[in-house]
Amino acid sequence: MASLVGQLVFPSSYGHRVWEDPSFIKWRKRDAHVSLHCHDTIEGSLKYWYERSKVDFLVSSSAVWNEDAVSGALDNAAFWIKGLPFVKSLSGYWKFFLAPDPASVPVNFYDNAFQDSMWETLPVPSNWQMHGFDQPIYTNIVYPFPFDPPYIRMDNPTGCYRTHFHIPKEWKGRRILLHFEAVDSAFCAWINGVPVGYSQDSRLPAEFEITDYCHPCDSDEKNVLAVQVFRWSDGSYLEDQDHWWLSGLHRDVLLLAKPQVFIADYFFKSNLSENFSYADIEVEVKIDNPREASKASFLENFTIEAAIFDTGRWYSGDGYVDLLSSNVAHMKLNPLSPASLGFHGYILVGNLEMPKLWSAEQPNLYTLVVILKDASGHVVDIESCQVGIRQVSKAPKQLLVNGHPVIIRGVNRHEHHPRLGKTNLESCMIKDLVLMKQNNINAVRNSHYPQHPRWYELCDLFGMYMIDEANIETHGFDLSGHFKHPTLEPSWASSMLDRVIGMVERDKNHACIILWSLGNESGYGPNHSALAGWIRGKDPSRLLHYEGGGSRTPSTDIVCPMYMRVWDIVKIANDPTETRPLILCEYSHAMGNSNGNIHEYWEAIDSTFGLQGGFIWEWVDQALLKDGADGSKHWAYGGDFGDTPNDLNFCLNGLTWPDRTPHPALQEVKYVYQPIKVSLRESILKVTNTHFYEVTEAMEFRWTVHGDGSELGSGILSLPSIEPQSSYDIEWESGPWYSLWSSSSAKEIFLTVTAKLLHSTRWVEAGHVISSTQVQLPAKGEINPHVIKTKDTTFLGEIFGDTIRVSQKNFWEIKLNTLTGAIDSWKVEGVPVMNKGIFPCFWRAPTDNDKGGGANSYLSKWKSALLDKLFFITESCSLQNVTDNLVKIAVTYIGVPKGEGNFSEAEKSNVLFTVDMTYTIYGSGDVIVECNVKPSSYLPPLPRVGIEFQLEKSIEKIKWYGRGPFECYPD
């Protein structure tokens, strides 16, 4: 049978092209299950998690984004299995050959005798396009191959991999599993020339038993593993996400050694009491027993146990840690428990008193250990994972975590590394989490596919609410007029369901996941109803998310629109017939100079019942490192690799650069997401703690007062501990800053209140500012414009032909041209300051956001109004006033579209702007410029309203009084 199907999956002139058949999605692939660790002792399992949990913000400093990341990926592969005696990594440098299509694959390349010495090598894990084979392709919606589902009507690059391994002697008598964590997009595998399996879904594991095809442990013969990877398959039609199309063995390849009878899967569940004082806990255990014995017969020869250990106790003291003493609950088999839907395993139950609940604010974790013993009480097999006790539920217009309507301050995250593509590094994942937590982000949506298994463990540890999303997106079907979305076709149902099942079964024990997602931008139809029904039957402890079909279908438990206007989300929240909460699955598109109106969203979210936050699109600019012609490296986007079709730089829409350097907009996100809010209304300064679990006891509040831009004083603000969802009021006149305010002559006085962490956490060191708010204190009098302090100075104002010259001897000199109305020269103590200006300016370089929308884009409207061809004519320039202390010069410009040749009267009559500009030049050398702009009534919103002038190159620094300290240019 194996050789027969091997002929089917191996391309030949007469073979069936299974990679183009949506009904054939796997062969010999084991059922989906949680990650297995194959422990041999309870203490070994606890030690494994003890070491895995020793991660904090310091690790993020070792994140690498350059060539060093290649070796880092191989180091990680070894690190992630450290302490697991029955897990072996096959990651490393494999032999590799890229064929242009399946028919061109070398004949019998999977045979042991095949000579691969002339092949090149490729690191595993990796994407082959990141190592010079083939080319990366970036598209947003359109498929990068001719659209004819389920067929691939073009060359289909096919990667051929070969490596070899020996089975350790210690594994004698055990069953051997070959585990691929993820392969893009479809593949088949051989062991010693025998086909052992086929799989699709480029973001989930594929596992095959290979015991019967390996040489014995005591054999000197090497086992040859050969893998054939198809770049495109029918599965690619379900993977049309907005990211780079990259191929290959991009996650680790492992060998697992299991006993003849072993723990194959387990599902941890907790049911909290109404007051959260205790939790009923259970774990469903699935046993792989090749003898297929009845339950009664099985229990005569084996016992199953489980225990819960409190990991928080492991780090509370110094020196030696007794891991076994942290046992807080023992779980026993309950033979009377009814099996859940579709489950035919064993159920263990127990009770945990006063559990430490998991939340993003307080990510308390326990370690679950499941033990299989034989009739003599000897350990046969052990599996373990970290679990959290928490409750996800819903109330009218609310999503609740542990009974609280937590606010989702989220972001979408693709897996992306500028050098590695889709391959992950631990330090880089930690860098993402550290930056997110430091900028008050508390939730992540895995866009748009299941991500690396370690990412979930880290989100459990650091505290991050998560939407886990199935690897389903069929956005490109929107562009087809004659093909239905797969969700409407029964032929695609099994493939879609397989992807959802694989996600849930792998990730079901992670506390961080509060929502399952059916995928992204895939229309809506009966297949989605089937997916939703399966998840609700399998795991009613979480809620469902799906935006497709208008974000309000029966297959979603939350209203989850993308890019909806503020007034529209408020309208839905106020709709009494809509009982679900609204959480934006995508909003505040972070491309270019963006995120500018995020505060408007959060003014609505903070004040409207039924709005619970959202996920910004997106976390990171998806650029790839590319060598330039001069040997230097730069970040490249769609089309830079000769890839066609492509969507250019639409992949660059993150809050960070590819190396996770923050964009300026991240500061704005941190501000609107901050958990401590400060406001001043009338005479009350209100400090509000919007946390749901954390009190402010571990924070230090400080105040600083600035007057007209200069610091007047600062100090510690003594506040009582503020409970979650509570506030504390201060009469601002009774605050420690009042005496500074009352004695200051400053016209504008601002009070800044900051909240700092007193202690280090997993994600930041002590002293980190989590919240900072500035409020303007009441003015003591009328605020006047800047007052020039004139001196008893003699200065000269005179006209020479077309030049107005104003100067003070040996100090400063300004020359203004009456024909242009502009400054020709400005010198201070003989040093040139300005050599051209000051002119009105209503144009700027258009950004990508300006271009979006085609004919309806801002750029199109600006060009239609001829704003890009604007030219200013000086209509008048005159000396208005001369006194002993000042000179006033008035200039009037008219802005007209620039045509060819000289201006005609008709062009002059097409006035887009009239600008009156007044220069007031004081004897002190100060110059005040006042502009009065009168735009034509039919103009669209303007790209810019400003002035431009040219400074001398030697002038490198500028100082101003205004908003800050971060970039404040509007979106």
If each DSSP helix of 4+ residues adds -39,500 (n - 2.57) and the sum is divided by the residues in the chain, what number results at 222 nm, nearest 500 deg cm²/dmol?
-4000 deg cm²/dmol
Fully extended, how many nm does the chain gain between residue 293 and residue 765 (0.36 nm per residue separation, minus their Cα-Cα distance)?
164.4 nm
Leaving ligands, DNA and RNA out of it, report the carbon-plus-sulfur percent of the accessible area of the stretch 185-236 at a 1.4 Å probe.
44 percent
Once fully extended, how much extra length lies between residue 534 and residue 332, figured as 0.36 nm per residue of separation less the alpha-carbon to alpha-carbon distance?
69.9 nm
Distant-in-sequence amide H partners of residue 329 (H built 1.01 Å from N, under 5 Å):
308
With a 1.4 Å probe and all protein chains left in place, how much of the accessible area of the stretch 708-758 comes from carbon and sulfur atoms, in whole percent?
45 percent
Probe radius 1.4 Å, ligands and nucleic acids left out: which of 803, 577 has the largest accessible area, and how do the rest follow?
577, 803
What whole-number value in Å² describes the accessible area per residue of the stretch 72-178 for a 1.4 Å probe?
43 Å²
What's the FRET efficiency of residue 968 with residue 315 using the Cβ-Cβ distance as r and R₀ = 45 Å, to the nearest 0.05?
0.60
Taking the 0 to 90 degree range and rounding to the nearest ten, how far is the long axis of helix 68-79 tilted relative to the main principal axis of the chain, both from C-alpha atoms?
40 degrees
For residue 94, what residues show an amide H to amide H distance below 5 Å, using hydrogens built from the backbone and excluding near sequence neighbours?
122, 124
For the stretch 265-410, the accessible surface attributable to carbon and sulfur atoms (probe 1.4 angstrom, ligands and nucleic acids excluded) amounts in percent to 51 percent
Taking the Cβ-Cβ separation of residue 565 and residue 488 as r and a Förster radius of 30 Å, what is the calculated FRET efficiency to the nearest 0.05?
0.55
DSSP bridge orientation in the stretch 356-512 - percent antiparallel, rounded to nearest 5:
65 percent
Multiply the residue separation of residue 273 and residue 871 by 0.36 nm, subtract the distance between their alpha-carbon atoms, and state the gained length in nm to one decimal.
208.0 nm
Estimated distance in nm for a label pair at residue 939 and residue 847, the labels positioned 7 Å out from Cα along Cα-to-Cβ
2.0 nm
What residues have an amide H closer than 5 Å to that of residue 803, excluding those fewer than 5 places away on the same chain, when H is modeled at 1.01 Å from N in the peptide plane?
818
Sequence gap at least 6, Cα distance under 8 Å: using those rules, report the relative contact order of the stretch 693-818 to the nearest whole percent.
19 percent
Rounded to whole angstrom, the alpha-carbon centroid of the stretch 622-696 lies from that of the stretch 454-525 at a distance of 25 Å
Given that just one value was derived from the coordinates, which of (1) 45.6; (2) 53.8; (3) 48.9 is mean projected area of the Cα convex hull in nm²?
(3)
Which ³J(HN,Hα) values in Hz, rounded to whole numbers, follow from the phi angles of the stretch 143-150 under the Karplus curve 6.51 cos²θ - 1.76 cosθ + 1.60, where θ = phi - 60° and Gly and Pro get x?
6, x, 9, x, 7, 7, x, x
Can you tell me, using C-alpha contacts under 8 Å and at least 6 residues apart, the relative contact order of the stretch 146-260 as a whole percent?
40 percent
Can you tell me the relative contact order of the stretch 640-713? Whole percent, Cα pairs under 8 Å, sequence separation 6 or more.
13 percent
Between the stretch 324-403 and the stretch 730-762, how many Å separate their Cα centres?
48 Å
Using the heavy atoms of the protein chains and a 1.4 angstrom probe, tell me the accessible area per residue for the stretch 347-446 in square angstrom.
24 Å²
With θ taken as phi - 60° and the coefficients 6.51, -1.76 and 1.60, list the Karplus ³J(HN,Hα) couplings across the stretch 557-573 in order, rounded to whole Hz; mark glycine and proline as x.
8, 10, 7, 9, x, 10, 6, 6, 5, 4, 5, 6, 5, 5, 4, 5, 4
Residue 914-residue 164 pseudo-label distance in nm [points 7 Å out on the Cα-to-Cβ vector]:
8.9 nm
Can you compute the modelled spin-label distance between residue 373 and residue 884, with each label point 7 Å from Cα toward Cβ, in nm?
10.6 nm
For the stretch 658-667, in order, what is each residue's ³J(HN,Hα) by Karplus, 6.51 cos²θ - 1.76 cosθ + 1.60 with θ = phi - 60°, in whole Hz (x at glycine and Pro)?
x, 8, 6, 5, x, 6, x, 4, 4, 5
Among 570, 631, 42, whose Cα sits farthest toward the positive end of the charge dipole of the chain (+1 at Cβ of Lys/Arg, -1 at Cβ of Asp/Glu, about the Cα centre)?
570
Using a 1.4 Å probe, what is the accessible area per residue for the stretch 591-662, in Å²?
39 Å²
In this structure, the FRET efficiency calculated for residue 219 and residue 541 from their beta-carbon separation, with R0 = 45 Å, to the nearest 0.05, is 0.45
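The values are calculated or read from the model by the stated rules, or taken from the named source; none is laboratory data. Every value quoted in this text rests on a predicted model; they were computed, and no experiment measured them. When we count neighbours, we look across all protein chains shown, and the Cβ atoms used for this are built from the backbone with ideal geometry, even at glycine. With ligands, DNA and RNA removed, areas are computed over all heavy atoms of the protein, side chains included. Shrake-Rupley method; radii C 1.70, N 1.55, O 1.52, S 1.80 Å.
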